[in-house]
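In what follows, a structure is listed as structure tokens, so that the remarks can point back to it.
The values are calculated or read from the model by the stated rules, or taken from the named source; none is laboratory data. Computed from a predicted structure; not experimentally measured. FYI the Cβ positions are ideal-geometry reconstructions off the backbone, even for glycines, and counts take in every protein chain you see. Each accessible area value is taken on the protein alone, full model and side chains, heavy atoms only, with ligands, DNA and RNA left out. Shrake-Rupley method; radii C 1.70, N 1.55, O 1.52, S 1.80 Å.
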Amino acid sequence: KESHDLSQPFLRMKVRLKREIVTLGVDEVDPTETVGTYVDPKDWNALISDPDVLLIDTRNKYEVKIGTFRNAKDPQTDSFRDFPQYCDEALQGQDKDKKIAMFCTGGIRCEKSTSFLRQRGFNNVYHLKGGILKYLEEVPAENSLWDGECYVFDHRVSVKH
């Protein structure tokens, strides 16, 4: 993913090898094996406007507080490691064929969260291709179902349409 800025967003670059980019904390989840169905930003509004779709924000409560999609469930997590417990509790007894749509800032957490739900037996799991940032780039503000701003991990702090 490329994102352009007029100034240098980071003071320095440091590369480290990590076991996981974003830690979910569930060893059996492997997004290289299975993930949910990708939904292009242009098709996202139609999916999440369906009243039969459960929409879940995979980000932490700080990020959700400054912006999210209309009618999205907020898991109230402090970190992504809390997400599996939220799902296990919130989705307990849920029909495994229920349509579940998830989103995150750039797509990495969605890769893992949809893989997690597929691993738990959910069949109709979707995620926003390219994340919120791609949606904000491609969907005009007048057609947007996004409310607020989107937290980013650089000096900008957040972005909006």
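Points to keep in mind about this one:
- Simple Cβ-charge dipole of the range 44-125, Lys/Arg +1 and Asp/Glu -1, about Cα centre, in debye nearest 20: 160
- Linear extension gain, residue 16 paired with residue 32, 0.36 nm per residue minus alpha-carbon span: 3.7 nm
- Evaluated with a Cβ-only charge set (Lys, Arg +1; Asp, Glu -1), the chain carries a dipole of roughly 480 debye about its Cα centre, given to the nearest 20.
- Structure-derived Rg and Dmax of the Cα atoms in Å - corresponding label in (i) 22.9, 81; (ii) 16.5, 57; (iii) 15.6, 49: (iii)
- J(HN,Hα) series, the range 103-120, from Karplus relation 6.51 cos²θ - 1.76 cosθ + 1.60, nearest Hz, glycine and proline x: 8, 8, 4, x, x, 5, 5, 5, 4, 6, 5, 6, 4, 4, 5, 4, 5, 7
- Counting only protein heavy atoms and a 1.4 Å probe, the range 36-161 has 49 square angstrom of accessible area per residue.
- In percent, rounded to a whole number, the relative contact order of the chain is 29, using alpha-carbon pairs under 8 Å and six or more apart.
- Relative contact order (percent, whole number), the range 1-95, Cα cutoff 8 Å, 6+ residue spacing: 25
- Whether the range 57-110 is rounded, prolate or oblate, judged on the alpha carbon gyration tensor where a/c under 1.5 counts as rounded: prolate
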